[in-house]
Amino acid sequence: MSRTLWIGDDRLPHTIDQTVLPFERRELVLGSLHDCEAAIRDMRVRGAPLIGAVGAYGLALAVRADPGDAALRQAYERLLAARPTAVNLRWALDRVVRRVAPAAPEARASLAWDEAGLICDEDVACNAKIGEHGARLLHALADQRSALAGVAGADSIALNLLTHCNAGRVATIDHGTALAPVYRLHDEGVPVHVWIDETRPRNQGAALTAWELGERGIAHTVIADNAGGLLMMQGRVDAVIVGCDRVAANGDVANKIGTYLKALAARDNGIPFYVACPISSIDANAPDGAAIRIEERDAREVSHVSGRLDDGTLASVRVAAPGSACANPAFDITPARLVTVLITERGVCDASADGLRGVLQEPPR
């Protein structure tokens, strides 16, 4: 199955339970509003585009059970509260509501289901275009690497990229955002190596990004979150490429906690910092990053880590000193001035109000 969210023979949405990756591939059946809400809240599904799509199906399932206005509003609020920072969730829920609200109750279930499917189809096409536009940027860096290889008398020198968190296939319906250009270059035969931040506290990099790249046979190395700056200083990183959960109207970027520090290190070392940004992740109602609500998650995610023991069982173990308070902001804000460019499905643009206005007004191509 190519897509990470699909309709099974039971006519229900199926996805991959990301909480047990990379050790087990387990299907998650989303049979109700509650199932979708819980999957989003408990991070069984992660990644802004996938969260939005699951939210859309959650609303469709709610409408199937009760097409009334009150039930629609309640389902909308429940799903929206599950993960407040990723703007794709609100975007997808609003799309479904706009589609069904004017319709008669008996027509709503079919319309909601069709809209959720359309959101998924559009996400696949969107990410393919991000891969195309991003690959053009990376090709220029790869050509520089090839020139260096020729001078050194080597056959090739791999392009070294650094990424933070997971912005690959399992964060979307297919292709991924930040990893889409990486997959495209690999398929074209361009030597690529990816430094993967572990991405504490949920370890999405070590668990999900490494799993994805390993399945595709792409060279990669998992590193501690604080190692990236040293690697950049040593000239071992050609570019940083990350995804995003929300982009404010001025170009400020909300992404997984730790992204800001990578952007600072990249700027200090003169390294491009690229953000893969679907148009659906742009929040024109947030004037800047300060207006974006930062989700504060359970402190246990910091005090404990989950993994597989030597006997194969999955376990959660404490790593923080007993009695110590732990804080767990899930995202941070990277100021627009630190972003080299945003890579959208409509092309590349500056991380600025003017840049975003231009790409939002431009018809898709």
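The residues neighbouring I333, those whose beta-carbon lies less than 9 Å from its own, together hold a net charge of -3 under the Lys/Arg +1, Asp/Glu -1 convention. Out of every Cα-Cα pair that the range 1-102 contains, those further apart than 17 angstrom amount to 47 percent. The smallest convex shape that holds all Cα atoms of the range 52-207, its convex hull, gives 113 Å³ per residue. If the chain linking R216 and D354 were pulled fully straight, counting 0.36 nm for each residue of separation and taking away their Cα-Cα distance, it would gain 45.9 nm.
Summing +1 for each Lys or Arg and -1 for each Asp or Glu among the other residues whose beta-carbon sits under 13 angstrom from that of H175 gives -3. Taking every DSSP bridge with both residues inside the chain, close to 50 percent are antiparallel. Placing pseudo-labels 7 Å out from each Cα toward the beta carbon at E24 and D121 gives an inter-label distance of 3.6 nm. The length gained by stretching the chain between Q74 and A38 to full extension, at 0.36 nm per residue less their Cα-Cα distance, is 11.4 nm.
Multiplying the residue separation of I279 and A227 by 0.36 nm and removing their Cα-Cα distance gives an extension gain of 15.6 nm. Cα-based values for the range 1-51, radius of gyration first and Dmax second, are 10.4, 28 Å.
Working note: Cα gyration tensor of the range 204-303, eigenvalues times five, square-rooted, sorted largest first, giving semi-axes of 24, 18, 15 Å. Taking every alpha-carbon pair under 8 Å whose residues sit at least 6 apart, the chain reaches a relative contact order of 15 percent. Counting only Cβ charges, +1 for Lys and Arg and -1 for Asp and Glu, the dipole size of the chain around its Cα centre is about 360 debye.
In the set [x] -0.46, -0.57, -1.10; [y] -0.39, -0.49, -1.19; [z] -0.38, -0.49, -1.31, the label that goes with log10 I(q)/I(0) by the Debye sum over Cα atoms at q = 0.08, 0.09, 0.14 Å⁻¹ computed for this structure is [y]. Computed on the range 173-214, the Cα convex hull volume stands at 74 Å³ per residue. Summing Lys and Arg as +1 and Asp and Glu as -1 over all other residues whose Cβ lies under 9 Å from the Cβ of T85 gives a net charge of +1. To the nearest 0.05, how large is the calculated FRET efficiency for A299 and D114 if R₀ is 35 Å and r is the Cβ-Cβ distance? That gives a FRET efficiency of 0.25. Calculate I(q)/I(0) for the range 137-243 by the Debye formula, one identical point scatterer on each C-alpha and no solvent, and give its log10 at q = 0.10 Å⁻¹ to two decimals. Debye intensities relative to I(0), on a log10 scale: -0.27. Per-residue ellipticity at 222 nm computed for the chain from its helices equals -13000 deg cm²/dmol, with DSSP H segments shorter than 4 residues left out and the rest contributing -39,500 (n - 2.57). Judged by the mean number of other Cβ atoms found within 10 Å, the most tightly packed of the peptides 301-310, 278-287, 162-171 leads the ranking 162-171, 278-287, 301-310. Within the range 42-121, the ratio Rg/Rh, alpha carbon atoms throughout and Rh by Kirkwood, equals 0.95.
A short reminder: the numbers here are calculations on the coordinates, not readings from a lab. Computed from a predicted model, the values in this text were never measured in an experiment. Because the Cβ atoms are built from the backbone with ideal geometry, glycine has one as well, and the counts that use them run over all protein chains shown.
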